[in-house]
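Down below is the structure, laid out as structure tokens.
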Amino acid sequence: MLTSELFAGDDLLERIAADGPERISRFLNDTDPAVGKVQQALLLWNPAILPFHGADGTYGSETAAAVVQFKTLELQVPPDQLFDDVGPRTVRRLDEIAKAAEPPPEPPQEQGFVRQDVYQLQPPGAPVHPILAAYAVAVRELKRDAGPPHRTWAHHTQVHGMNPDPGDGLRNQCQHFCWYFLPWHRMYLHAFEAICRAIIVESPDVDDDTKATWALPYWDYDRDDTRELPPAFREPALDGAPNPLFEPARDLGINSPVQFRGEPAPRLARLVPEQTTAQGWFLSTPYSNPFDPAFAGTETGFNHASAPNAVPGPLEITPHGSVHVFVGGRFGKMSDFNQAAGDPIFWLHHANLDRLWEVWRGSTGLGLDPSGSRFIDRTFDFLDASGQRIQPSCGSVLNLANLGYSYADTSIPASAGAGGPMDDPNRGPQPPRERRRPPRRVGAADEPVRLQGDAATVEFATDTPQTRGNERFLVSVEHISADDLPNAEWGVYLQPTSGEPVLIGTLPLFGLRESRRTDAEHELSYQFDITELVNRLDAEGRWDPDRFRATLAPVNAVPEDAEPDPDVVIGTIALLIQ
Amino acid sequence: MAYQDHLLTWVVMVPSMMLPTTVPHVRYVGFGTRAGRVQRSILLFVLGYLTSWLVPGLLLAAVPLPASASVLAVSALAAGAWEMTPVKRRALLRCCRTWPVRYAGPAADASAVEYGMRHALGCMVISGPAMAVLMLAGHPWWAVVALAVVMAAQKLLTRPQRWRALVALAWLAAGLAAAGVAAFG
Ligand SMILES: [Cu+2]
């Protein structure tokens, strides 16, 4: 078996090396393609050995003489056994020489880290995958909370949210409801991942392969077989010790099966397609607008505050907010800014959102990265793997190649086509439309909408233009207040003039607790771009330009043991055009 | 100066200093209502806003002006201390908070007035003490300009709570200066 790139796979050379009867000589196989390879290998041994003809592919007297010289000097063949042909020992030795001359394989470097799908690493029923076992090693070490700040679980949790604000510029920094949401979390994960890797590399419990390639996995929950919390995070014990990836403060049904209302048997809680669909974010462009969220959220200053225009982008609502609240429920960590990053699944959830940003950047958002200095030069502070304070800028994290990692899969999710517009073969990436003016209301509910029981409806007259241009249609759900998170996530559905209601979006209410604090800047508000939906219904003759009708209903099942539902009040629902 | 004159000063001073800081909210109200009635809603917002500010004006105008240097010193120091209270900090954080605006009809009228009043309440927590000191000092023009700039910045810049200590120090300096005048002037 030949191993050099030069020789391996050559039929004749393989047969000779395996002590076959064939030879290369001036009379046998003297113009076989193998001859050129032998000549090249001889030149590697001695670059001056074929002075007249070089590697010309013909076994002439110069090559024959060179082989004799090779056999004498390199193989120490005694003069009485010398033939001027190429036999097994010559091939094998030349193969070794060619192999040794090859450039060494690239050492694993930062470019090579690949974040992988947690369900593909470890499907239900499979043993704990080494990548997840290594993650558990890192989380266990961090949770000791014994090292310098960057080596503690508490620090990483507080970086996201902390009350009161310690004012150190490092903690309580999470960016939500705005265009910094994606880059800030990308930096946050990248720093955390590097620190985990440093711990893993030091650990005696992790094998060398895993040490060399470890990267944070991601949880892609938008497939029918991945809608439950990944198995490695549900087990209270790991190898006879407490499992650091387990977190008891999660919603009913997340860690173990429970009985859901009106169902025959207990089961694990499962995300429904409404909570994970790409339908909302996939078609959104451009990256951001000053007054409406576009893809990534409105253009604000630091934090989820400071302007009446702070609104999350569609990706930040679904799946981001939906999955947070799905795992956390009313009492769990994932529902709370100050505790969310304390649940080890947080990092896999955000790795997936970071991946979906990449999906968008490579498809609908191709070439639409923000370019203004308010975005590009905006920096945030983090601690790196050595504990040094670093200040990456948003511009520096746009390209994953600069950060040294990639995702195993950035193909467009199946749910992106739900609703039909992507089936249109004429549809390509949309040119971004400049939206420098705020959208204008064309109708709104004239009283608050209360969400209680099974459903609520809202209906109002609208002043939409009689002739349609390329207006953008937005549904705004504003000033949401509640004593607590509801047991189910509510969906908003547009009621066409005929046929079934169509999903506009869901209201995860992630951030509700923060919005209820006495110093909170805002109540929660959402905006949904329904332009595609309106165009489709209009084409089908099912869009009423004079009247807006919507229904609201829970999208997922509620456990039998759930607490009574709190009051949720929506201050305003409005239809806007731009 | 007579009561009416004091009140007149207040009525001129408050709108000219405070209304510019409400621009983001005026826009919000304007964009929230039906196209044909934008001006009406904005007018109602301003009405609600200024009516609320009139209440403290009615009381302040009864104080003989300008106040003595010692009263000024005490009130400036109090205004400085107010800067550092959690109440002021919270109000600053909440000052960009919006309220539901109705689209048309009487509901829209009522919501605009209510919005103006609610927002005025927040502004009074933020700027009320400063405005009172300014009034007591006999509203010298340079102080009016300086304070207008500070208040606009506090309301319109992001994270104003970060430099409220600086504002408090400025008040401390003003208070000490007034105390100096009271003692030696
Ligand atoms: Cu999050």
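The value of relative contact order for chain B, using C-alpha pairs under 8 Å at least six residues apart, is 35 percent.
Counting Cβ atoms of other protein chains within 10 Å of each residue's Cβ and taking the mean over peptide B:102-113 gives 3. Each listed q (0.14 Å⁻¹) maps to a log10 I(q)/I(0) for the stretch A:440-577 from the Debye sum over equal C-alpha point scatterers, namely -0.66.
State, to one decimal in nm², a quarter of the convex hull surface area for the C-alpha atoms of the stretch A:113-202, i.e. the direction-averaged projected area.
On the way: hull surface 30.4 nm².
Directional mean of the projected Cα hull area for the stretch A:113-202 stands at 7.6 nm².
Legend: calculated FRET efficiency, A:ALA146 to A:ILE390, from the Cβ-Cβ distance at R0 = 30 Å, rounded to 0.05, equals 0.85. Between A:GLN466 and A:ASP546, the modelled labels are 1.2 nm apart [label points 7 Å from Cα along Cα→Cβ]. Database remark: amide H of A:ASP56 closer than 5 angstrom to no amide H (H placed geometrically; neighbours at sequence offset of 5 or more, or on other chains; Pro and chain starts carry no H).
Amide H contacts for A:GLY505 (H built 1.01 Å from N in the peptide plane; partners 5 or more residues away or on another chain; cut-off under 5 Å): A:VAL492. Solvent-accessible surface, computed for protein heavy atoms with a probe of 1.4 Å, shrinks by 40 Å² or more for the following residues of the stretch A:438-481 when the other protein chains are added to the isolated chain: A:PRO438, A:ARG440, A:ARG441, A:ASP446, A:ASP463, A:HIS479. Using the Cβ-Cβ distance between A:ALA408 and A:GLU560 with R0 set to 41 Å, the FRET efficiency from 1/(1 + (r/R0)^6) comes to roughly 0.60. Quick one: go through the stretch A:18-46 and flag any residue whose amide nitrogen is under 18 Å from the point 7 Å out along the Cα-to-Cβ line of A:ASP11. Output list for this probe position: A:18-25, A:28-38.
A 1.4 Å probe run over chain A, with the rest of the protein chains in place, finds 41 Å² accessible per residue. For the chain pair B and A, the buried solvent-accessible surface (1.4 Å probe, both sides summed) amounts to about 2400 Å².
Each residue of the stretch B:49-60 was assigned a 3J(HN,Hα) from its phi angle through the Karplus expression (A = 6.51, B = -1.76, C = 1.60, θ = phi - 60°), giving 5, 6, 4, 5, 5, 5, 4, x, x, 4, 6, 5 Hz with x at Gly and Pro.
Any idea what the relative contact order of the stretch A:204-249 is, in percent, if you count C-alpha pairs under 8 Å spaced at least 6 apart?
Details: 20 pairs, mean separation 10.0, N = 46.
Value for the stretch A:204-249: 22 percent.
Please list 3J(HN,Hα) in residue order for the stretch A:62-69, calculated via the Karplus relation 6.51 cos²θ - 1.76 cosθ + 1.60 where θ = phi - 60°; whole Hz, with x for glycine and proline. Those phi angles translate into 5, 5, 4, 5, 5, 5, 4, 4 Hz. At the listed q of 0.05, 0.10, 0.12 Å⁻¹, the Debye profile of chain A, built from one uniform point per Cα, gives log10 I(q)/I(0) equal to -0.32, -0.85, -1.11. Scanning residues 5 or more positions from A:ASN46 or on other chains, none has an amide H under 5 Å from its amide H, with H placed 1.01 Å from N in the peptide plane.
Against the 2.2 N^0.38 Å scaling, with N counting residues, where does the stretch B:3-184 land? I'd like the Cα-based Rg ratio to two decimal places. Walk me through the numbers on the way to the answer.
On the way: Rg = 17.4 Å, N = 182, 2.2 N^0.38 = 15.9 Å.
Normalised Rg, Cα atoms only: 1.10.
Bridgeable lysines around A:LYS211 (alpha carbons under 29 Å apart, same-chain partners fewer than 8 residues away excluded): A:LYS99, A:LYS143. Contact order for the stretch A:11-101, expressed relative to its length and based on alpha carbon pairs under 8 Å spaced 6+ residues apart, stands at 36 percent.
In chain A, the calculated helix contribution to ellipticity at 222 nm averages -7500 deg cm²/dmol per residue, counting -39,500 (n - 2.57) for every DSSP H run with n ≥ 4.
Here the gap between A:ASP30 and A:ASP369, fully extended at 0.36 nm per residue and compared with their Cα-Cα distance, gives a gain of 116.1 nm.
Figure legend: label point modelled 7 angstrom from the Cα of B:ALA78 along Cα→Cβ; residues of the stretch B:130-153 with amide N under 14 Å from it are B:130-137. Between B:ALA153 and B:ALA2, the distance separating the two model label sites (each 7 Å from Cα on the Cα→Cβ line) works out to 4.0 nm. Computed 3J(HN,Hα) for the stretch A:6-17, one whole-Hz value per residue from the Karplus formula 6.51 cos²θ - 1.76 cosθ + 1.60 where θ = phi - 60°, is 5, 9, 4, x, 7, 4, 4, 5, 4, 5, 5, 4, glycine and proline marked x.
The values are calculated or read from the model by the stated rules, or taken from the named source; none is laboratory data. The model shown is predicted, which means the values in this text are computed figures rather than measured ones. FYI the Cβ positions are ideal-geometry reconstructions off the backbone, even for glycines, and counts take in every protein chain you see. Side chains included, ligands, DNA and RNA excluded: accessible areas come from the protein's heavy atoms. Shrake-Rupley method; radii C 1.70, N 1.55, O 1.52, S 1.80 Å.
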